Amino acid sequence: MVTIDRPFQTLSSRVVWSCPWYQVRQDDIAMPGGRNGVYHVIEKPDAVWIVPVTTDGQIVMVRQYRYTIDEWCWEVPAGSLKPGQTAEEAAHEELLEEAGGSARNLDYIGRFYLANGICNEAGHIFLATGVALGATHHEAAEVMEVHQFPIGQALEMARAGSITDGPSALALLLCADRLTALE
């Protein structure tokens, strides 16, 4: 089987809609086989998901209300990178903002795409250990509560589907071996 490195060719590109958090780009493309078409891409900054472990071995999660689905969701602290910010800087900032946490150690676990069929956003997962909690600094549109769980219970929540935020469940599961070693 022969794989073509770049089977689609972009003929033209323009932003057709934008807001402060993301924009929609419309591309005119040439597809394999010579047909032309249109593809819409949501352009969004990369983001971070942080699995925080306190100094006494508890996983910190937030219970956050999500307007888009009208539900409360269990999540690990997360957020988008600001222009010029590294993923590590964003992880420290989001941990402090959402959970009031500061980490003694921050380890990079890996990268994934959130919705690679429609969006270019990459997610970066960090494991934060030695986390001390203090005051939170939530944004105006963030309605959330900070909670702590034993490591085993947090991992079981991810495995059982109680954590319906996919990136948060993935972050916990990708950290599972390291978390189990901390128990």
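Mind checking the angle between helix 87-99 and the chain's longest principal axis? C-alpha axes, 0 to 90 degrees, to the nearest 10.
It works out to around 50 degrees.
For the chain, what number results from the quotient of the Cα radius of gyration and 2.2 N^0.38 Å? It would help to have the intermediate numbers written out before the result.
Working: Rg = 18.9 Å, N = 183, 2.2 N^0.38 = 15.9 Å.
Its radius of gyration relative to the 2.2 N^0.38 Å reference: 1.18.
Quick one: which residues, 5+ away or cross-chain, put their amide H under 5 Å from the amide H of V131? H built at 1.01 Å from N.
Residues meeting the criterion, in which the H sits 1.01 Å from N, are V53, T54, T55, R104.
Give a residue-ordered list of calculated ³J(HN,Hα) values for segment 34-48 (Karplus: 6.51 cos²θ - 1.76 cosθ + 1.60, θ = phi - 60°; whole Hz; x for Gly, Pro).
Result, rounded to whole Hz: x, 7, 9, x, 10, 10, 9, 10, 7, 9, 9, x, 4, 9, 10.
What is the angle, in °, between the Cα long axis of helix 151-160 and the longest principal axis of the Cα atoms in the chain? Nearest 10 is fine, range 0 to 90.
Orientation of helix 151-160: about 40 degrees from the principal axis.
With each run of n ≥ 4 DSSP H residues scored as -39500 (n - 2.57), what mean residue ellipticity at 222 nm is computed for the chain after dividing by its residue count and rounding to the nearest 500 deg cm²/dmol?
Numbers: 4 runs with 39 residues, N = 183.
That comes out to -6000 deg cm²/dmol.
Could you tally the net charge around H147, taking each other residue with its Cβ under 13 Å from the Cβ of H147, Lys/Arg +1 and Asp/Glu -1?
Details: positive: R63; negative: E75, E98, E145.
Once positives and negatives cancel, what remains is -2.
To the nearest 20 debye, what charge dipole does the chain have about its Cα centre, counting +1 at the Cβ of each Lys and Arg and -1 at the Cβ of each Asp and Glu? Please report the intermediate quantities before stating the final value.
Values: 12 positive and 24 negative charges, 123 e Å.
Computed about the Cα centre, the dipole is about 600 debye.
Which FRET efficiency, nearest 0.05, do K82 and D27 yield, Cβ-Cβ r, R0 25 Å? Walk me through the numbers before you get to the answer.
Numbers: r = 26 Å, r/R0 = 1.04.
In this case the efficiency is close to 0.45.
Taking the Cα centre of each part, how many Å lie between segment 16-38 and segment 46-100?
Going from one Cα centre to the other spans 30 Å.
Considering the options A160, F126, L11, tell which one lies farthest towards the positive end of the dipole of the chain, charges being +1 on Lys and Arg and -1 on Asp and Glu at the Cβ, about the Cα centre.
L11
Each value in this text was obtained by applying a stated rule to the coordinates, not by laboratory testing. For clarity, every value in this text was computed on a predicted model and none was experimentally measured. Cβ: placed from backbone, ideal geometry, glycine included. Neighbour counts: every protein chain shown.
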